[in-house]
Each structure stands twice: as C-alpha cells, then as structure tokens.
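Participant: Below is a structure I'd like to ask you about.
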Amino acid sequence: MLDEYWEERGFPWEYDPGPPRNRKWPRLFAETPNYRALGKAVTGKEEFRWHFGPMFYRGRLGDHEIKVLIVGQEGAQDESLSHRSFTGGTGGRMQNLLNHLGITESYLFTNTFVYPIFGQYGTKERLLAQHPDSPIRRHREELFDYAVQRNRPELHLAIAVGRAAKESLASWVESHGGQADPDRLHLADSSKISPKLKMVGVLHPGGASKGGAVTKIKASFVTAIRQIETWSTADPTWLPVDPGGTRSPANQYKYTSDPIPFRDFAFGTAWRLGRDATSSNRKNSQQAIQMFGEHGKYGNKGHSLKYPDDASMSKAGYRDEPGDLAYEPPKRDYKEFDRGPGRSLATLLQGGRPGFEWPDFNALGLRCDPSFGTGPIARGRLSRPSILVIADQQSHDDLFTGRALTGKAGQHLQAFLKAAGLTESYGILRVLPVDTLDDDQATVRDVVDTAEVRALHAEAVRRVRPKVLVFCGPLAKRLAPHVTPTGTPTVEMKAHGQSGSKADWQRALNDLSALSYRKDIRSPSFDYDGKPLQIERHDLPFGTLRWQGSSGDRGQQPTRGSKVSFDYYKFVMPDWAFKLKPTALSSAEAAAATRLKND
C-alpha cells in the first residue's frame, strides 16, 4: 500500500542526518545574519517572511561529495516545512534537470536568501543580496567558499536559477577577482574560484504562470544542457555522471518535474514534501502553513474548512540560550539536533524490513491519508536507553516535526522524563505511525491488535533493548503484553489529559523510583508538577526552529462540513512568537546597513 509513494524517490529510511558535526557547516548556518533587522533598516519594511525560519540547503554536505551547486533566489512554504531548499515545484523541475544530466546524488542546493522575501526581487532586495558590504552576501559567499573548500576539485558546475541567483554567482566570481555577466555566466571567470568550476544560468520555473513563459524557460534549460554537453565533449573527465546515472542529450530534454529523493530529507519528514510539486500554502497572514494531502487542494480551493481557533498557547516551558531567535534553529548550541535512528532501525520503523511491514491501514478501515507517510514514529535515543516509552499519538505536531510526541502531551512527557532523571537516556515510539486521533477508536484498537503492529513493535523493542518499558495511553497498554521481553520491568500510565492522568503520572514516577536504571540527573525529584517542558533540541531534526516543540499543540486538523478532514493539516506559530519584534543589529551589521542605504 505504501510502496506506491516510494516510486522514484528511493526509500523513506534513506534520509539526510543533517550537517556533519565535525565540519564548519553547523556553525556557518548558525551565523546567519539578522535578516529581519537588516531588511527593515535598509528598506524600511519587513522584507522577509521570517515566521517559519530559514532554510539553508538540500543535498550533500560531506567532503568530496558535490559536483554541482544549484543556487536559487529563496525558498517558499514547502521549504519552510521541510527545512530544506528546493523541495517544492521549482525543486522538482531542477531535480529533473539533474537527472537528465546524470547527476542523481552529488549536488547541493542553496539560495540567494536563506529566508523567503515578500514580493519580487527588485532594487532594494538587490542591495541586500549583492552589495559588497551586505552581511547577507558575505554570509552566502562564506557558505559557497566552504563548499568549494571541502569539494575541490570535485565541484565542476554551478547552476543559477533565476535573476537573483545569476547575480549571486556573478557577485561570487567578482569577490574572487574575476569578471562575470549575470546574463552570460558560461563566460564567467569561474576558474578564479576553483580550476574546473563552470557556470550556467536558467530562467526561474516560477515564472511559468506568465503568458508564453514556459517556452522561454524550457529554451533556457536546453541552452544550458547544450553548453554542458560542449564542455563535457571537450573534456570527458569534466562532470562525470553519478553511479547509476545516465546523461541524455539536449534534444531529448523534457521540461517536467521529478520527485525529490527521500535521502535529501530528515528522517520522519512528511512524504508529501518533495513529491515534485507544491504541497502547502501559507495561512493566517504568515502565522500558519497548511499542508494538503493527495486529495487536498492548494489553498483548499473548493473545500470549505474550519480549524480550531487557537494560536495563543502559553510560552510555558519554552527556553533558549542568549543570542537565540525563536524563529531560527539554535545559534549557540548549533550542534544540538537529532541525526536519526540509523539506517537499520529506520528501515524497521518505516515498515521496510521483510516480515515486519506495517499493515495496509486504509484496508483495515482507518481514514488516514497514506500520502503523508509513516514518518513520525520515533524520538530520542534508540540504542539501549534507560527508558523506552511506547505512547499513543496525542497531537498533529508530529506530522510537522517528523518526531513522535512533540505537541502538548509530549512536552508534558518531557517534564515527566526529567523528573525520572532523564534528559538524554530515553527513547519514544508511537503506537501507530499514521494519524488516528479523530478516527473511529474501535477501528484503531483493532488495528493496534493486528499481528503486524505487534510484531513490528516487538522487534523494535528487541533491537532497542531498553532497561525499562513505559506504556503511556490505552493503545500502548494493549501492546504491552505482546512486546515486552521476559524480565524487562514495565510501568503503565494514562495518556496525558485523561481523567486522573496527573495523579497517575505521579504514581508511575513512584514506581520508577523503585527501579534501577542509568540516570542523567544525579538526584531526580520523581515529582511531576504538571508543567510542560519544551522538547529537547537533540530530539529534533536539523533546522527545527526554537518555537517548534514548545507552546502546546501547534498542529491542527480541520473539519470539512460535519466531518474531520484527513486531507489537510495546519502548523500554527504561537502568538507570543508571531508578535516578536526584530532584535537589534550588531554594530557591524548596523554600519553595513548604513552603507547600503547611502549607496
């Protein structure tokens, strides 16, 4: 049932763990300039769609892995949800171009701006992007230069997508003492950057809505392919195809889209993202993004939806470090992100291990949309943790974070685990990897009782090898006798929000206090005060913003007419974060902004 959504994308257990921690990438991303304040200082208005944060890259960040660098203008809402560049409609067009060239893996996507802009790229945006003193340009070129440094001499080609990107590549050449015309990048002095580096530019696929534009866009792609053919004919060692790739001639090029491989996304990312077309739209005046399933529509066109009216969740439990911004990933603890469970366990958890496949959930009567996938099944450390929690789904946040139990209940579970002495030595598995919150609960129970679900969880527990098992919620309790290894201590407790759950969680902590397991806190309180904690950053994928995993349930599911819709979900920024003002510029940024305004 699910493998039809894997076609041409690889497998969902092939994933991007994030930037290598032993390289400069995480620090460089954390050094993103103050886009909001720079935009307001130079243009006098909010220049950037800052609410859902920056997106830095897509593709390879390892040493000697990049042959092609693709540069665009900015991301959009799909990129905001995936925390990766070029994952919407334009990303699908460019993926197709790379596949045509036989470059199936050795690429890196970036943008002129790491934040989306309001409106079009014009004179003031050009100042921010291309002025030699702009902190935005300097930061971008530091990223480009580091890509060259770690991939010399493998980096052979840079492709600019759209006007802003063409100017960005030209600016980069000029920073290295060369000359470049944005409209004739194939003649640029790109060897000043790296000996084998060559450049081409194409029109932006986003302009296809204009009359006659598709023909011009396709022509620009064909021209670029022909130029690449000329270079590779002259030097057959230049830009070799990737293993398994095939380079096709320009006269066979078709202007179409290809889906983006799962290996370019963090583990657990919703499968709708990267399907080769846009899968989301902005809502609530930038405060929310709506993702739609296979049977949904962009902007829910023709579908009347009603969402819960709740964006004002408390800031309780939220914390950050000095210098952090609520709408960016951590700036100080920039290496604090989760790299995923590893290929073997990821294969099992996604139902890819023979003999341990997830059942056909729709055939069993569930209403979930399979196009969203089976991503948010796990969180935490899944190799011999002190405690493994198996828990019922309790929010829709998991769909957007790619990790289990990240909404309000998960934030309370975080406090429970801390009270038990654990800040790292825990793992969490969700009973089912698909949305069942508002489904018929008798049907859900029947699915949990299937041999397939029991077998997969039993195998997961066997591999994870926890010291203690905690079963949280009525569905998890149904699994307990079927997945618990002989001799493993167990504690059962109610789901958060169930009647009497606070007292029951305290009873569970009392039970845990009598058990022996490795603790991260020397003297745990074993006292649950009923207050939440934000989800630990080391539990969440790279790119997750500070406000995400805090402030209660941020994911919402609408009703359509009298029924709950499984075709749409919305991720809402909390009011307290939405109302934040820009932080002050550093002295260097303020001086640069003054120079930009005066030029």
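Participant: Any chance you could count how many residues in region 223-255 are assigned to a helix (DSSP H, G or I), open to solvent by 30 Å² or more (accessible area, probe 1.4 Å) and touching a helix residue (DSSP H, G or I) at 6+ places or on another chain (Cβ under 7 Å)?
Facilitator: Looking only at that region, the number is 3.
Participant: Shifting gears a bit: With the requirement that a residue be open to solvent by 50 Å² or more (accessible area, probe 1.4 Å) and under 30 Å from Phe400 (Cα atoms), what does region 522-532 give you?
Facilitator: Hits for region 522-532 are Asp529, Lys531.
Participant: What do you reckon, is Leu388 touching a residue at least 40 places away in the same chain (Cβ under 8 Å), assigned to a helix (DSSP H, G or I) and either at negative phi or within 24 Å of the chain's Cα centre (by Cα) (or both)?
Facilitator: Values: touching a residue at least 40 places away in the same chain (Cβ under 8 Å): yes; assigned to a helix (DSSP H, G or I): no; either at negative phi or within 24 Å of the chain's Cα centre (by Cα) (or both): yes.
Judged against the criteria, Leu388 is not a match.
Participant: Next up: Filtering region 119-147 down to residues that are open to solvent by 10 Å² or more (accessible area, probe 1.4 Å) and touching a strand residue (DSSP E or B) at 6+ places or on another chain (Cβ under 7 Å), which residue is farthest from Phe48 (Cα to Cα)?
Facilitator: My answer is Leu143.
Participant: Could I ask something else about it? Does at least one position in region 104-112 carry a residue that is open to solvent by 20 Å² or more (accessible area, probe 1.4 Å) and not in a helix (DSSP H, G or I)?
Facilitator: Yes - at least one qualifying residue is present in region 104-112.
Participant: Another one. How many residues are out of contact with any strand residue (DSSP E or B) (no Cβ under 9 Å at 6 or more places or on another chain) and part of a helix (DSSP H, G or I) if we restrict to region 410-441?
Facilitator: 7
Participant: State all residues of region 121-162 that are of a type in the set (Gly, Ala, Ser) and assigned to a loop (DSSP other than H, G, I, E, B); if no residue qualifies, say none.
Facilitator: If the condition is that a residue be of a type in the set (Gly, Ala, Ser) and assigned to a loop (DSSP other than H, G, I, E, B), then Gly122, Ser134, Gly162 are the ones that fit.
Participant: Follow-up question, since we're still on this one. So, Glu65, is that one of a type in the set (Asp, Glu), in contact with a Ser or Thr (Cβ under 7 Å, 6 or more places away or on another chain) and touching a residue at least 12 places away in the same chain (Cβ under 8 Å) or not?
Facilitator: Against the criterion (of a type in the set (Asp, Glu), in contact with a Ser or Thr (Cβ under 7 Å, 6 or more places away or on another chain) and touching a residue at least 12 places away in the same chain (Cβ under 8 Å)), Glu65 qualifies.
Participant: Taking the conditions exactly as written (farther than 30 Å from Gln130 by Cβ, touching a residue at least 60 places away in the same chain (Cβ under 8 Å) and in contact with a helix residue (DSSP H, G or I) (Cβ under 8 Å, 6 or more places away or on another chain)), does Gly561 satisfy them or not? Explain how you work it out, then say what you get.
Facilitator: Working: farther than 30 Å from Gln130 by Cβ: yes; touching a residue at least 60 places away in the same chain (Cβ under 8 Å): yes; in contact with a helix residue (DSSP H, G or I) (Cβ under 8 Å, 6 or more places away or on another chain): no.
Here the answer is no, as Gly561 does not meet what is asked.
Participant: Looking at (1) basic (Lys, Arg); (2) out of contact with any His (no Cβ under 7 Å at 6 or more places or on another chain); (3) surrounded by 15 or more Cβ atoms within 10 Å (Cβ to Cβ), can you tell me which one Lys196 breaks?
Facilitator: Against the list (1) basic (Lys, Arg); (2) out of contact with any His (no Cβ under 7 Å at 6 or more places or on another chain); (3) surrounded by 15 or more Cβ atoms within 10 Å (Cβ to Cβ), Lys196 comes up short only on (2).
Participant: Another question, then. Contact list please: Cβ distance under 9 Å, first residue in region 220-245 and among the hydrophobic types (A, V, I, L, M, F, W, C), second residue assigned to a loop (DSSP other than H, G, I, E, B) and open to solvent by 40 Å² or more (accessible area, probe 1.4 Å), pairs at least six apart or on different chains.
Facilitator: Sorted first by the residue in region 220-245, then by its partner, the pairs are Phe221/Leu203; Ile225/Pro249; Ile228/Arg247; Trp238/Lys196; Leu239/Lys196; Leu239/Arg247; Val241/Arg247.
Participant: A further question follows. Pairs needed: first member in region 355-367, within 18 Å of Pro12 (Cβ to Cβ); second member anywhere, open to solvent by 60 Å² or more (accessible area, probe 1.4 Å); C-beta distance under 7 Å; at least 6 residues apart or different chains.
Facilitator: Glu357/Glu452; Trp358/Glu452; Pro359/Glu452; Asp360/Met1; Asn362/Met1
Participant: Then there's this: When you go through Leu203, Leu187 one by one, which is the residue that is of a type outside the set (Asp, Glu) and crowded, with 21+ Cβ neighbours inside 10 Å?
Facilitator: Residue meeting the stated conditions: Leu203.
Residue-wise test of (1) under 23 Å from the mean Cα position of the chain (by Cα); (2) under 21 Å from Lys494 (Cβ atoms); (3) open to solvent by less than 10 Å² (accessible area, probe 1.4 Å).
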{"residue": "Gly410", "(1), (2), (3)": "yes, yes, yes"}
{"residue": "Asp439", "(1), (2), (3)": "no, yes, no"}
{"residue": "Asp446", "(1), (2), (3)": "no, no, no"}
{"residue": "Val468", "(1), (2), (3)": "no, yes, yes"}
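Participant: While we're looking at this one, here's another question. For region 150-184, enumerate the residues that are closer than 12 Å to Ala129 by Cβ and open to solvent by less than 60 Å² (accessible area, probe 1.4 Å).
Facilitator: Gly162, Ala164, Ala165, Lys166, Glu167, Ser168, Leu169, Ala170, Ser171, Trp172, Pro182
Participant: Only one residue in Gly299, Gly340, Gly352, Gly317 is assigned to a helix (DSSP H, G or I) and either closer than 27 Å to Val444 by Cα or open to solvent by 20 Å² or more (accessible area, probe 1.4 Å) (or both), so which one is that?
Facilitator: Details: Gly340 fails: assigned to a helix (DSSP H, G or I); Gly352 fails: assigned to a helix (DSSP H, G or I); Gly317 fails: assigned to a helix (DSSP H, G or I).
From the options Gly299, Gly340, Gly352, Gly317, the qualifying one is Gly299.
Participant: Does any residue in region 496-518 that is more than 16 Å from Pro474 (Cβ to Cβ) come within less than 6 Å, Cβ to Cβ, of a residue that is among the polar types (S, T, N, Q) six or more places away or on a different chain, and which pairs are these?
Facilitator: So the pair list comes out as Tyr517/Ser386; Arg518/Ser386; Arg518/Ser425.
Participant: Scan region 62-85 residue by residue and report those that are open to solvent by 10 Å² or more (accessible area, probe 1.4 Å) and touching a helix residue (DSSP H, G or I) at 6+ places or on another chain (Cβ under 9 Å). Reasoning before the result, please.
Facilitator: Step one: of region 62-85, the residues open to solvent by 10 Å² or more (accessible area, probe 1.4 Å) are 62-65, 67, 73-74, 76-77, 79, 81, 83.
Scanning region 62-85 gives Gly62, Asp63, His64, Glu65, Gln73, Glu74, Ala76, Glu79, Leu81.
Okay, residues lined up against (1) charged (D, E, K, R); (2) within 25 Å of Gly62 (Cβ to Cβ):
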| site | (1), (2) |
| --- | --- |
| Phe262 | no, yes |
| Thr269 | no, yes |
| Gln286 | no, no |
| Met291 | no, no |
| Pro308 | no, no |
| Arg319 | yes, no |
| Glu328 | yes, yes |
| Asp338 | yes, yes |
| Thr347 | no, yes |
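Participant: Take the residues in region 80-103 that are β-branched (Val, Ile, Thr) and assigned to a loop (DSSP other than H, G, I, E, B); name whichever of them is nearest to Gly244 (Cα to Cα).
Facilitator: Going through the qualifying residues, I end up with Ile103.
The values are calculated or read from the model by the stated rules, or taken from the named source; none is laboratory data. From a predicted model like this one, the values you see are computed outputs, not experimental measurements. Here the Cβ is made from the backbone with ideal geometry for all residues, glycine too, and neighbour counts use every protein chain on show. Side chains included, ligands, DNA and RNA excluded: accessible areas come from the protein's heavy atoms. Shrake-Rupley method; radii C 1.70, N 1.55, O 1.52, S 1.80 Å.
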